[in-house]
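What follows is a short report on a single structure.
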Amino acid sequence: MAVAPPSDPLSGTSLKADFPLLSRTVHGKRIVYLDSAATSQKPDQVLAAMDLYYRNFNANVHRGVYAIAEEATNAIEAAREGVRRFINARSTAEIIFTKNATESLNLVIQSWGRANLSDGDVVVLTHMEHHANIVPWHMLAAEKNLELRWIPLTDDGQLDLTDLDSILVGAKALGATAMSNVLGAFNPVRELTDAARAAGAISIIDGCQSVPHSTTDVQAMGADFLAFSGHKMLGPTGIGVLWGREELLDAMPPFLGGGEMIRDVRLDGFTCNELPWKFEAGTPAIAEIIGLGAAVEYLEALGMDNVRAHERALTEYTLSSFSERFGDDISIHGPADSSLRGGVFSFSFKDLHPHDLSQVLDQHAVCVRAGHHCAKPLMKLLGVGATARASVYIYNDTSDIDSLGDALEQAGAFFAF
Amino acid sequence: MAVAPPSDPLSGTSLKADFPLLSRTVHGKRIVYLDSAATSQKPDQVLAAMDLYYRNFNANVHRGVYAIAEEATNAIEAAREGVRRFINARSTAEIIFTKNATESLNLVIQSWGRANLSDGDVVVLTHMEHHANIVPWHMLAAEKNLELRWIPLTDDGQLDLTDLDSILVGAKALGATAMSNVLGAFNPVRELTDAARAAGAISIIDGCQSVPHSTTDVQAMGADFLAFSGHKMLGPTGIGVLWGREELLDAMPPFLGGGEMIRDVRLDGFTCNELPWKFEAGTPAIAEIIGLGAAVEYLEALGMDNVRAHERALTEYTLSSFSERFGDDISIHGPADSSLRGGVFSFSFKDLHPHDLSQVLDQHAVCVRAGHHCAKPLMKLLGVGATARASVYIYNDTSDIDSLGDALEQAGAFFAF
Amino acid sequence: MPGLEDLYREIILDHYRNPRNRGELETPPAHRVEGFNPLCGDEIVVYVDLDDAGVVTDIRIGGQGCSISQSSASMMSAAVKGKTTEEVAELTRAFKAMMSIHESSLEGSEAEAAEQEALANVKLGDLEALRGVVKFPVRIKCATLAWNTLAQGIEESNA
Amino acid sequence: MPGLEDLYREIILDHYRNPRNRGELETPPAHRVEGFNPLCGDEIVVYVDLDDAGVVTDIRIGGQGCSISQSSASMMSAAVKGKTTEEVAELTRAFKAMMSIHESSLEGSEAEAAEQEALANVKLGDLEALRGVVKFPVRIKCATLAWNTLAQGIEESNA
Ligand SMILES: Cc1ncc(COP(=O)(O)O)c(C=O)c1O
Ligand SMILES: Cc1ncc(COP(=O)(O)O)c(C=O)c1O
């Protein structure tokens, strides 16, 4: 259906105008924002949608008969339908709003995990998981005495699937990120979920980095659960999504108890509401859901294949221009082939510590992250305490990469004295 | 220190100008918003604070070296200090940001409860609790086989504390709302927490309705935990607070696992970060925390004693003018004495069903809620399936109450044909 | 803008004030089933008696709710008495079709369109008075509560 | 606006490139303690040897981190060797006082003011070079990491 994408269908330069923060200056220079893997900037359209809610129909949802309460309810349910369409879920019953991807993962791991796992059960994770898909498993493992197994990595930062089937033997669940927030690697999700299903395990996919940057089709993915965050995909903070297969969600016990998630409450017990509300206790993040809905519309208008093509073009530019400019002075983790990776570049530069490096880059208004990126087991495997990480999104263009390169040169010079 | 408050130190009329939604019209009439117990309107100041963040320093927090990441981190930690001051907590280590009060309560009940309660233990709740302080206990009770006991109510909708000490015998925890979202009753929190402590129970106070409407001093309150939501106190959706005593929070196991809440993560385990971050997994609701900080500043500038005095004056006006206008046609649940109650009026009017009533009121642009208000056990006790509820806040004034009265007259006439 | 008269037709208020078939039936032989509207607290109890041929020989309604949910239940009770479960199912589909908002007809297949037409021929009688509810979307669940509860009751007593 | 020169003084970069007392000590007799900066991933390992009189007879530093955390650790190791634990505690307080941002002096009591003055007399020597870190608040934790870790180590070996 899709034709081969042109080299770069989006112009990051012209999109910049939609993002108010990108016209800000820092230390007297125009900001160069290269930390979208941590959080993205937000377009005017998203801010306007939330503002409209607060100024025109701010009211609590689902329980009001009056006009603005109905408008608010319709707006969040329309956003739910927008998210459903965006990831091609079968039904809005499968779209659960959470506060962030971390809560989404904890919801599955605690609710599904407590109900379905017991002493000695095996859970398989990858060595490139974010803490959000590790720590909740450690917590459950301590409670239930589970065995955690780890899918290793190849030298160029991809999953090493050589022994996948034997690793999965006896496993009840597989947790895997669709794209690494450190290595940039896109993982072969369908291959993973097929292998998991064959082994009798459910699969829980962390889509934090993949959903904002590529087309998502949960049905084609073959997964059982998918978690992602709004703030990394042009949406506001305070909103995440858990998608899950309806049969599984239906069978799971509730996670948080309170208003909205009940059908009846008595002194001696309660019954749950239907999906998706069963898992949405308390007043929802109404403005944030509306903002996420607007973000999804913005991305759909661009076309996710175009987003991916743009970032792939930018990835190729980055890899080649940096290798040309810096040769062996720079080393970028993860796959070298741009078809296997997204626009997240964890790198080391000369002998500079990432923390010092990003401090100097900041003086040039270049924003990159330095740290363990919530992936300490991966850092240990890479043999580093931290990396510097630059990451791009729709509004970035080659001039941003050039600015980063210029700032790297300055940093090299500064620490060479 | 505080002198007897004047009859009404705030003018709701002049405050209205700060709240953009209140100038909206519905069905051709200017909106009369009387549903602040469900969610409050937001002043320009709060919306501007969030907008400023998104337009000027939107970045992920706690992990960035660059300028805007530092600005964002400082902003949320300043908001934490603002909340600490607002409720007079000893330390910001005790201020935990959640997504809403429901999550705050689930956090305590699940984390503290799982670690400290076991088979046959007793938990005491009041018969006027919101589902958010009932359902999580039902969930834990089913898991741990706990006994739930209920503090009964007097005929005029106050807690009946006659047998409090005997109800508390052997109890490990007391859960009580500081103010009922149905009856309007302010409960004698200090008396409750003293009795609980004497019985060896911790106390978990639901401050959703009290914190927005009166001065809060967690140290004077004598409680162990206090939960409240931002959206009911001029703040945005998607943000709640849990305050807890540091010793208890320190000893509790983590609730959600992921980034931010860790000190170290290895393949074989993890160690927790310090308070308050230990309980804040994942990217926080950054904009929402900043918005809550601005809301707290707005309320502090008004003075919480003034807020209470204003609402008390409005309560007196409502009770007396409605009794004059409607006599026996209206009956308002909860205490008749305005010193014992806040501005939340659940009522029945003639023989009209609340749902029908609020539909008619909506035609007159008067927003009141109809339903069980997430307090089904209380509804059953009151012998009703639902009530209509009008609730006021700082921006309401006597003209809003008059508009409600006028609309009630029209409703009576409409259904009398 | 829809007015209150669109919602509260006189016949609705009549059924609300003078509900038909209010009460209980002995169980067994009757089957008892409860329905909740979690949003507003409305509760409905349906007692239904089916004979061996699947005919609704008797029905009673209990519970409490707003004028829409109560009048809908009352009208339903009058409409289904003496009907077979197939006829009840068809009536239910027709009623729910009337209650559903078709925001986009793009999604409907041809089969659905044919079904729509078939249902359009089902006589709704008094129930037509509830058509105005569609203009007040939050109230649709009030109107359909009794119907969903009855459907569940019939299903359970067949099981 | 503070410039990079305020942060990266020459003496800091010297300690970073040529860290003093880098290595390990045998445990026991030495005590080993690890410190983490959860925000950036810096890790420091301090080996400290105390004699019966509470004198730091030897100290070694391991781990990895940025120039600020590493140079602070290096300078610390040089500064504390041969000192008593009381002297180390005083030096630590003085260093941390230098590292703290006093946004408001309103809150400080008179006793605190006196303490401030006493600490001002403690000679920090090379450590003075780290004063510029205060202008870069996120980096303060880098500078204090080694000190907190040492304090914990001394506490543990006294216990
Ligand atoms: C007394 C009380 N407790 C708890 C809650 C739950 O608050 P939220 O829905 O913001 O979690 C509410 C409000 O709905 C309330 O009024
Ligand atoms: C791969 C991955 N998983 C999970 C998360 C956690 O997302 P959040 O912090 O929004 O919960 C992130 C982002 O920090 C991520 O990059």
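Observations on the model:
- Residue in the range B:85-104 that is touching a Phe, Trp or Tyr at 6+ places or on another chain (Cβ under 7 Å), under 22 Å from A:THR98 (Cα atoms) and more than 12 Å from chain A (Cβ to nearest Cβ) present: yes
- Selection within the range A:130-167: residues that are touching a strand residue (DSSP E or B) at 6+ places or on another chain (Cβ under 7 Å) and of a type in the set (D, E, K, R). The member of this set that is farthest from the other protein chains (Cβ to nearest Cβ) is A:ASP160.
- Flag for A:VAL32 being buried (at least 19 other Cβ atoms within 10 Å of the Cβ) and assigned by TED's automatic domain parsing to the domain that holds A:HIS231: no
- Residues of the range A:93-129 classified as of a type in the set (Ser, Thr, Tyr) and within 20 Å of the chain's Cα centre (by Cα), total: 4
- Flag: B:ASN187 does not match the condition of being within 14 Å of another protein chain (Cβ to nearest Cβ), within 16 Å of ligand 1 (Cβ to nearest atom) and surrounded by 14 or more Cβ atoms within 10 Å (Cβ to Cβ).
- Filter result (more than 10 Å from chain A (Cβ to nearest Cβ) and among the aliphatic types (A, V, I, L, M)) within the range B:105-124: B:VAL108, B:ALA115, B:LEU117, B:VAL122, B:VAL123, B:VAL124
This table checks each residue for (1) in contact (Cβ under 8 Å) with a residue 40 or more places away in the chain; (2) within 22 Å of B:SER229 (Cα to Cα).
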{"position": "B:GLU94", "(1), (2)": "yes, yes"}
{"position": "B:THR98", "(1), (2)": "yes, yes"}
{"position": "B:GLU103", "(1), (2)": "yes, yes"}
{"position": "B:SER111", "(1), (2)": "yes, yes"}
{"position": "B:VAL122", "(1), (2)": "yes, no"}
{"position": "B:HIS130", "(1), (2)": "yes, yes"}
{"position": "B:LEU148", "(1), (2)": "no, no"}
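- Selection within the range A:255-283 - facing chain B (nearest Cβ under 7 Å) and within 14 Å of ligand 1 (Cβ to nearest atom): A:LEU256, A:GLY257, A:GLY258, A:GLY259, A:ILE262, A:VAL265, A:ALA281, A:GLY282, A:THR283
- Count of the range B:45-55 residues which are more than 19 Å from A:GLN45 (Cα to Cα) and facing chain A (nearest Cβ under 9 Å): 1
- From the list B:PHE279, B:PHE228, the one residue that fits, being within 16 Å of ligand 2 (Cβ to nearest atom), touching a residue at least 40 places away in the same chain (Cβ under 8 Å), among the aromatic types (Phe, Trp, Tyr) and in contact with a strand residue (DSSP E or B) (Cβ under 6 Å, 6 or more places away or on another chain), is B:PHE279.
- Scanning the range D:14-54 for residues that are in a helix (DSSP H, G or I) and surrounded by fewer than 17 Cβ atoms within 10 Å (Cβ to Cβ) yields D:ASP14, D:ARG17.
- Check on B:HIS127, surrounded by fewer than 22 Cβ atoms within 10 Å (Cβ to Cβ) and either facing chain A (nearest Cβ under 9 Å) or within 16 Å of ligand 1 (Cβ to nearest atom) (or both): yes
- Taking the criterion of being within 16 Å of ligand 2 (Cβ to nearest atom) and of a type in the set (Ser, Thr, Tyr), the residues of the range A:34-84 that qualify are A:SER36, A:THR39, A:SER40.
- Any helices (runs of 4 or more DSSP H) falling wholly within the range A:311-417 and containing at least 3 residues that are away from chain D (no Cβ under 14 Å) and of a type in the set (Ser, Thr, Tyr): A:398-416
- Every condition in (1) crowded, with 23+ Cβ neighbours inside 10 Å; (2) more than 11 Å from ligand 2 (Cβ to nearest atom) holds for A:ARG245 except the one numbered (1).
- Given (1) more than 9 Å from chain A (Cβ to nearest Cβ); (2) closer than 30 Å to B:ALA375 by Cβ, index of the condition B:TYR33 fails: (1)
- Count of residues meeting criterion [in contact with a strand residue (DSSP E or B) (Cβ under 8 Å, 6 or more places away or on another chain), surrounded by 21 or more Cβ atoms within 10 Å (Cβ to Cβ) and in a helix (DSSP H, G or I)] in the range A:35-75: 2
- For the range B:361-393, the set of residues classified as hydrophobic (A, V, I, L, M, F, W, C) and surrounded by fewer than 24 Cβ atoms within 10 Å (Cβ to Cβ) consists of B:ALA365, B:MET379, B:LEU381, B:LEU382, B:VAL384, listed by residue number.
- Which listed residue, of A:VAL46, A:VAL65, A:VAL108, is at pLDDT 95 or above and more than 30 Å from A:ALA17 (Cα to Cα): A:VAL108
- Index of the failed condition, A:GLU288 passing every other in (1) within 16 Å of ligand 1 (Cβ to nearest atom); (2) modelled with pLDDT of 95 or more; (3) outside any helix (DSSP H, G or I); (4) under 27 Å from B:ILE290 (Cβ atoms): (3)
The values are calculated or read from the model by the stated rules, or taken from the named source; none is laboratory data. Since the structure is predicted, the reported quantities are computational estimates derived from the model, not experimental observations. Backbone-built Cβ (ideal geometry, glycine too); neighbour counts: all protein chains shown.
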